[in-house]
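Colleague: Sending over a structure as structure tokens; questions will come in a sec.
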Amino acid sequence: MKRLLVMDDEPDFGDFVKVVGEDMGYEVTALTDPGQFKETYSRVLPDTIVLDMVMPQLSGSDIVEWLIEQGCQSKLLIVTGYNPLNARSVRMQGAARGLAPVKTFRKPISVRKLRAALA
């Protein structure tokens, strides 16, 4: 079974992604506390990660940097409700430093776009 890890401090968005992911056959773990990401990532070993950019404690940029250091090969979907230029620069940084495919999306994301990204 494919594994999906969702990291977003907005519980409603995490629940939305979880429902769509489970409908597509993913085993989904959704987190709202960025402090739990590293341990959960190491335990779950996800095939795909949906990552918010702006969160308290630990930003999406910090997590992407950590994923690069781990040699992460998960597909990464970066989502943001803020300036998409930040997400694009993180995407380019990740791609340049060896991350598997990285895509960026602006919130709110439609079910259709999310399903296509997870397919």
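Conditions (1) without any contact (Cβ under 8 Å) to a residue 24 or more places away in the chain; (2) not in a helix (DSSP H, G or I), marked per residue:
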position	(1), (2)
K38	no, no
V64	no, no
I68	no, no
C72	no, yes
R88	yes, no
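Colleague: So which of V64, V44, V111 is surrounded by 13 or more Cβ atoms within 10 Å (Cβ to Cβ), touching a helix residue (DSSP H, G or I) at 6+ places or on another chain (Cβ under 9 Å) and of a type outside the set (K, R)?
Modeller: Every option except V64 fails the conditions.
Colleague: Sticking with this one: Can you name the number of the only condition in (1) surrounded by 14 or more Cβ atoms within 10 Å (Cβ to Cβ); (2) in contact with an Asp or Glu (Cβ under 9 Å, 6 or more places away or on another chain); (3) not hydrophobic (A, V, I, L, M, F, W, C) that Q57 fails?
Modeller: Here Q57 meets the rest and fails (1).
Colleague: Could you grab the pairs with beta carbons closer than 9 Å, sequence gap of 6+ or different chains, first residue in segment 41-61 and at positive phi and hydrophobic (A, V, I, L, M, F, W, C), second one at pLDDT 85 or above and not in a strand (DSSP E or B)?
Modeller: Correct list of pairs: L45/S74.
The values are calculated or read from the model by the stated rules, or taken from the named source; none is laboratory data. None of the values given here were measured: they were computed from a predicted structure. Every residue, glycine as well, gets a Cβ built from its backbone with ideal geometry; the counts of neighbours run over all protein chains shown.
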